[in-house]
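Colleague: Got a structure here, written out as structure tokens. Questions coming.
Where a number appears in this text, it was derived from the coordinates with a stated rule and is not lab data. Every value quoted in this text rests on a predicted model; they were computed, and no experiment measured them. Cβ coordinates were reconstructed from backbone atoms using ideal geometry, including for glycine residues, and neighbour counts include every protein chain displayed.
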Amino acid sequence: MTGSVAAERFERQDFADKLLEFNNGAWPDMEGLIRDIYVARVDKGRTILDVGVNHGNHLVQMAQTVGPTGHVIGFEAAPELVRRTLGSISAYYPDVADSVTIHNVAVSDKPGTAKFYFSKMNDSGLSGLADRSALHDGEVEEITVPVRLIDDYMDADFIARLDFAKVDIEGAEYDAFKGATKVLSRRPLMTFEWDTAAPTYFSYAPEDLFNLIRSYGYEIYDLFGFHYPTVEDLVTTRVWNFVAVPVGMSPTYAIEPSINTLRTAFPSFFTA
């Protein structure tokens with residue numbers, strides 16, 4: 001990626017180890033790097049899609065980014081997290097209330113109902129549609145939730161103004177993408193979460209997700225600016241947050257905000 005400090009100075013396979021060593025074993029704030037991208041690249045009056053609202057931290061920031069003439073649509077399967085998010089908006093961010101809509105449903109490629117595993121640990125951030133091993137160290141409540149397609153909630157005006165999407169639903173991203181053809185056809189700049197365990201829990205192969213995203217005219221990068229041109233690159237990754245950059249958009253333009261944050265946070269790392 002031309003212009004990426006990370007990609008110019010390091011090999012992808014070495015970068016994660018070097019950064020972790022430099023930062024005392026801790027990853028940088030990945031959610032903050034995602035935020036930096038949409039804050040810098042989405043204008044007032046546009047729309048954003050937030051799939052996996054959780055506590056609504058991104059949702060609020062997204063609404064502030066698009067302003068009162070824009071709109072953010074969020075999806076969150078856990079009723080408790082929807083209640084907390086709406087309560088937080090009412091109490092602390094009433095100015096964005098009219099700019100957000102939250103749908104209390106899980107998303108996939110077929111409508112219906114499904115088991116949802118609501119985790120009481122990690123601030124409920126591990127909750128999802130699969131009983132993953134990551135949940136087994138804490139209390140989990142099994143609930144039944146409605147499942148819908150993202151496409152069913154996308155009207156023409158929202159799609160026409162859609163500039164950014166975040167998809168982070170603990171492994172269920174591939175099925176969500178299959179039910180979001182209107183979104184993918186629009187080709188907004190998009191961040192998504194993926195790890196190598198997800199295909200096992202949701203019964204698909206890594207190349208299925210890779211080929212689907214590419215088929216809609218995207219190239220895949222990570223938040224550090226490294227390119228993933230093959231599925232082999234994807235399955236050997238050390239990271240879990242990715243950026244789908246529409247073909248025709250400069251990847252430097254798309255990811256530069258997160259790179260600049262890293263450069264500011266770790267100046268000696270990039271100049272040593």
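Colleague: For the range 1-91, build the convex hull from the C-alpha positions and give me its volume per residue in Å³.
Modeller: Hull volume normalised by residue count: 138 Å³.
Colleague: Would you mind computing Rg(Cα) / (2.2 N^0.38 Å) for the range 94-140, counting N as its residues?
Modeller: Cα Rg divided by the expected 2.2 N^0.38 Å: 1.48.
Colleague: Report the dimensions of the chain along its three principal axes from the alpha-carbon atoms, largest first, rounded to Å.
Modeller: 49, 42, 37
Colleague: Now for a different question. Quickly estimate the mean residue ellipticity at 222 nm for the chain, helices only: each DSSP H run with n ≥ 4 gives -39500 (n - 2.57), and the total goes over all residues, rounded to 500.
Modeller: The per-residue figure over the chain is -11000 deg cm²/dmol.
Colleague: Let me ask you something else. Extending each Cα 7 Å along its Cβ direction at residue 141 and residue 44, get the distance between those two points in nm, one decimal.
Modeller: Going by the 7 Å Cα→Cβ label model, 4.1 nm.
Colleague: Kindly work out what percent of the DSSP beta bridges joining two residues of the chain are antiparallel, to the nearest 5.
Modeller: 50 percent
Colleague: Please arrange 72, 60, 235 by how many other C-beta atoms lie within 10 Å of their C-beta, fewest to most.
Modeller: Neighbour counts put them in this order, fewest first: 235, 60, 72.
Colleague: Can you list which of the GluC sites (Glu not before Pro) found in the range 92-152 are DSSP loop residues with at most 13 other C-beta atoms within 10 Å?
Modeller: 139
Colleague: Mind listing the phi-derived Karplus ³J(HN,Hα) values for the range 123-138, rounded to whole Hz, using 6.51, -1.76 and 1.60 with θ = phi - 60°, and x for any glycine or proline?
Modeller: With coefficients 6.51, -1.76 and 1.60, one gets 6, 6, x, 9, 4, x, 8, 10, 7, 7, 4, 4, 8, 6, 8, x Hz.
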